[in-house]
1. Suppose R0 equals 30 Å; then what is the FRET efficiency for residue 88 and residue 11 from their Cβ-Cβ distance, rounded to the nearest 0.05?
2. With a 1.4 Å probe and all protein chains kept in place, how much accessible area does residue 105 have, in Å² rounded to the nearest 10?
3. Testing the spin-label approximation: label points 7 Å from Cα along Cα→Cβ at residue 26 and residue 99. State their distance in nm.
4. Report the extension gain between residue 114 and residue 126 in nm, rounded to one decimal, defined as 0.36 nm multiplied by the number of residues separating them, less their alpha carbon distance.
5. Given a 1.4 Å probe and the protein chains all in place, what does the accessible area of residue 94 round to, in Å² to the nearest 10?
Amino acid sequence: MTALKKFSRPVLYVAFFPVCLALFILLISQDKSPDRKIVGKWREVSWEYEKVNRENNQLLPDRKIHEHVRNELAQDLIIHRAETWEFLPNGKLLLHKDDGSTVRLDWKLKGRGHILKLNYADEKTEYYDLNKLWQEGMTLYFDVEIQAKGIVRMTFEKIT
């Protein structure tokens, strides 16, 4: 008698479920949480418009944000002038700027690990949508409501 004839189908289904569950748990446990993946140094690679108003889209057909527009957008958002972001495991973020200065603030991933919350010492808070996070890179989105009126995509590469 073969093994399949010994067991009825319901018994095989009941045995199959724990095996699939164990495999699923094993695969999930092997992946790092976003809180641990984000730790390290990240360099800003690009700023691009992801979604813009029709009139703004005509002005920038390549969707790249030019340096003078970037500086204007960054006037009230100190964070956007940073060149290198260093996420520390204790929830601190160091922003290393071009001029050699460093700004220190707190970071936290909220929701299901897709909302990056940054808190400044002066109680100012900024939120980013953490769209993609992989071993070599990261993509953040933020909504600007200044004259650009659109959603900006910031791309980072991990510095090893």
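The values are calculated or read from the model by the stated rules, or taken from the named source; none is laboratory data. Note that this is a predicted model, so its numbers are computed, not measured. So basically every Cβ, Gly included, is an ideal-geometry build from the backbone, and we count neighbours across all protein chains shown. Accessible surface areas use protein heavy atoms only, side chains included; no ligands, DNA or RNA. Shrake-Rupley method; radii C 1.70, N 1.55, O 1.52, S 1.80 Å.
1. 0.05
2. Ignoring ligands and nucleic acids, residue 105 comes out at about 0 Å².
3. Computed distance between label sites residue 26 and residue 99 equals 5.5 nm.
4. Contour length minus Cα-Cα distance gives 2.9 nm.
5. The accessible area of residue 94 comes to roughly 30 Å².
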